[in-house]
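Asks: Please find one structure pasted underneath; my questions will follow.
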Amino acid sequence: TRRIKGDDRRRYAEQTIQLAREAVATDEFDEAIRLASLAQLIGRPVTDEFFRKYLLDFRLELIAIRQAYEELVSTSPSESGADAVRRARYQVLAKGQFDGLGDLVDADDELLSQLAQLELEPRLTNDQRLSLARRWMEYAGQLQGVERVNAARRANHWYYASLSSLSRAEREDV
């Protein structure tokens, strides 16, 4: 039997994580969690402790996303606008899929609504991108669990988008 080398194990674990992400995209959480567990098993001999922690954290994140999904589908549908906002909030904050921001413009959460409106602006200046990053980070501070992580990831997205136009001193502040 051929032994799998550490580099190959890491590559196989990364490919398995990608399959798990695809399962999450179609709300197949049990399959995604099984794949994440398999990736952990494959990646266990990898010497990079940060990679092994990433595999564990990814699996825990999937469990939190599944819980958010179960809460979404277990509540009875309300009026169509409110239901669309609940589903969009799940897509954006639980799953981290930000293409659903348009439906969050009508959210009762004023800061989330403002963030969605700003995100939908066709052309943002660098100052607006930086402001958006800071506001996402502020919003992340109000959240917990996977929602907090995904809001912080969005802030990170906008911080990176604004870096190219910043001076060296401004970059250090960011």
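The values are calculated or read from the model by the stated rules, or taken from the named source; none is laboratory data. Values in this document were obtained by computation on a predicted structure and should not be read as measured data. For neighbour counting, all protein chains shown are included, and Cβ atoms are generated from backbone atoms with ideal geometry for every residue, glycine included. In case anyone asks, the SASA skips ligands and DNA or RNA and just uses the protein heavy atoms, side chains included. Shrake-Rupley method; radii C 1.70, N 1.55, O 1.52, S 1.80 Å.
Asks: Report, by residue number, each residue of the stretch 148-158 that is open to solvent by 50 Å² or more (accessible area, probe 1.4 Å) and in contact with a helix residue (DSSP H, G or I) (Cβ under 6 Å, 6 or more places away or on another chain).
Replies: 148
Asks: Could you tell me which residue of the stretch 97-116 is nearest to residue 69 (Cα to Cα), considering only residues that are open to solvent by 30 Å² or more (accessible area, probe 1.4 Å) and under 16 Å from the mean Cα position of the chain (by Cα)?
Replies: Filtering first and then ranking leaves 97.
Asks: Restricted to the stretch 132-144, and to residues that are open to solvent by 50 Å² or more (accessible area, probe 1.4 Å) and part of a helix (DSSP H, G or I), which residue is nearest to residue 165 (Cα to Cα)?
Replies: Ranking the qualifying residues of the stretch 132-144, first place goes to 134.
Asks: Taking residue 86 as meeting all but one of (1) more than 30 Å from residue 121 (Cα to Cα); (2) touching a Ser or Thr at 6+ places or on another chain (Cβ under 8 Å), write down the number of the exception.
Replies: Going through the list (1) more than 30 Å from residue 121 (Cα to Cα); (2) touching a Ser or Thr at 6+ places or on another chain (Cβ under 8 Å), residue 86 breaks only (1).
Asks: Could I ask something else about it? Might you let me know whether the stretch 117-125 holds any residue that is open to solvent by less than 60 Å² (accessible area, probe 1.4 Å), at pLDDT 90 or above, more than 19 Å from residue 21 (Cα to Cα) and not acidic (Asp, Glu)?
Replies: yes
Asks: When both residues are 6+ apart or on different chains and their Cβ atoms are under 7 Å apart, which pairs have a first residue that lies in the stretch 22-51 and is surrounded by 13 or more Cβ atoms within 10 Å (Cβ to Cβ), and a second that is outside any helix (DSSP H, G or I) and at pLDDT below 95?
Replies: 24/95
Asks: So which residues in the stretch 17-40 are over 11 Å from residue 59 (Cα atoms), of a type in the set (S, T, N, Q) and assigned to a helix (DSSP H, G or I)?
Replies: 18 - this is the single residue of the stretch 17-40 that is over 11 Å from residue 59 (Cα atoms), of a type in the set (S, T, N, Q) and assigned to a helix (DSSP H, G or I).
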